[in-house]
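Here is the structure we will look at, set down as structure tokens.
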Amino acid sequence: MNTEENIIKMDMGALGGGNASGEQILCLGIESSCDETSAAIVDSDRNILAHIIYSQIPEHQKYGGVVPELAARAHILAIDEVVRRTLATAGKTMNDIDVVAATAGPGLIGGVLIGWMAATGIAQATGKPLVAVNHLEGHALAPRLHAASAAGASLKNGVEFPYLLMLASGGHCQILLVRGVGRYELIGQTLDDSAGEAFDKVAKMLGLGYPGGPVVDARAANGNAARFKFPRPLCDKPGCDFSFSGIKTAARTMLDREPAPYSDGFINDFCASFQASVVDCITNRLANAMDDARVRAAMPKTLVVAGGVAKNSAIRAALERLAAEHGMLFAAPPMNLCTDNGAMIAWAGLENYRAGRVVDAPVAPRPRWPLTEL
Ligand SMILES: Nc1ncnc2c1ncn2[C@@H]1O[C@H](COP(=O)(O)OP(=O)(O)OP(=O)(O)O)[C@@H](O)[C@H]1O
Ligand SMILES: [Mg+2]
């Protein structure tokens with residue numbers, strides 16, 4: 001493991017600057033649910049004092065996806081150093097920290113256990129309160145820490161409750177009405193794969209490596225979206241659920257008819273056509289969600305997209321247009337807070353702490369943990 005190479009040093013507090021409100025709280029957050037070992041310290045004024053991400057992507061790339069046992073071992077090797085560097089970067093010791101938070105699920109259980117045990121150990125040794133963060137809540141609340149427009153412009157403060165959330169990540173694809181901390185109503189979800197899985201699998205079929213989303217996004221920017229005919233599953237049906245497995249199958253079938261190697265032009269057009277189908281599906285389902293009686297009654301002001309797939313430029317642009325058409329604002333976390341990161345966990349920990357949701361009995365990390373069970 002080459003720690004230096006894999007450490008991503010984030011810009012500290014570059015987007016901070018919420019309004020000072022009462023007593024300052026410092027939260028140390030730890031994330032380890034998949035292939036990033038990350039820690040961050042955030043304060044209650046939305047400043048990120050330190051943020052270290054140790055990315056395991058280079059270690060999994062040769063297998064074309066995350067290998068759970070390798071991920072767990074890499075987390076063990078990295079976790080102490082990541083936490084130590086986070087404290088050192090912020091110029092803080094554990095005594096300065098008010099709350100410790102870590103992902104307690106859902107995710108690859110080997111990795112979740114390592115981050116959770118590290119946080120539990122720190123909290124017990126220092127007597128600090130501990131928050132068990134649902135990883136999906138980390139994604140869901142990230143735009144309350146920092147938010148950006150589709151063009152990437154930083155929006156001044158975090159998004160206010162309630163908001164309509166498109167949560168699109170590697171393992172999940174859901175539309176949620178976010179009413180408050182711990183208060184999530186499921187409006188729609190995928191019946192099979194997540195959007196991130198579709199991006200990763202299509203990239204793999206094209207030999208573009210792992211993770212697939214960023215490279216498909218970049219290739220699509222130079223491609224012709226009208227060249228290949230991908231299906232738009234469920235888009236002719238009412239409701240807010242998704243299905244992406246048919247899009248993957250369509251990709252496989254089209255590629256089976258075409259002998260590899262593929263030219264750059266072919267790959268660009270294929271990525272653009274595939275991505276357009278995902279964008280259409282997400283837009284179609286969200287338009288229905290905006291008409292859902294529960295959503296209308298709650299009157300959310302903002303449409304938010306979060307999770308790793310929220311990095312996608314075409315999805316961000318399409319959802320900003322959709323929001324404007326429906327008289328809503330649009331927000332997404334800045335790029336570095338979309339994929340897994342410690343800052344979103346620290347922020348979710350801080351928000352849960354303020355809501356009194358701290359651990360008062362042993363917690364067993366959970367590989368599955370729906371947001372609606374919070
Ligand atoms: N620009 C992009 N366009 C589309 N997808 C992207 C882009 N950047 C990243 N992704 C996708 O985001 C996913 C990773 O997101 P994230 O880190 O939130 O997932 P995860 O933590 O593995 O899953 P979950 O949060 O559901 O447990 C991958 O599938 C990746 O391909
Ligand atoms: Mg995630």
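Which whole number in µm²/s is D for the range 37-147 by Stokes-Einstein, with the Kirkwood Rh taken over Cα pairs at 37 °C and 0.692 mPa s? Estimated diffusion coefficient is 222 µm²/s. Bridge orientation summary for the chain: considering DSSP beta bridges with both residues in this region, about 65 percent are antiparallel.
Reported value for the chain: 130 Å³ per residue, from the convex hull of its C-alpha atoms. Between the Cα long axis of helix 313-325 and the first principal axis of the chain there is an angle of about 90°, rounded to the nearest 10. Choose one answer from A71, A310, A226: the residue with the largest mean-square fluctuation in a GNM of the chain with alpha-carbon springs under 10 Å. Greatest mean-square fluctuation among the candidates belongs to A226. Restricting the calculation to Cα atoms, the range 163-332 yields a radius of gyration followed by a Dmax of 16.0, 52 Å.
Where a number appears in this text, it was derived from the coordinates with a stated rule and is not lab data. Worth saying up front: this structure is predicted, and the values here are computed from it rather than measured.
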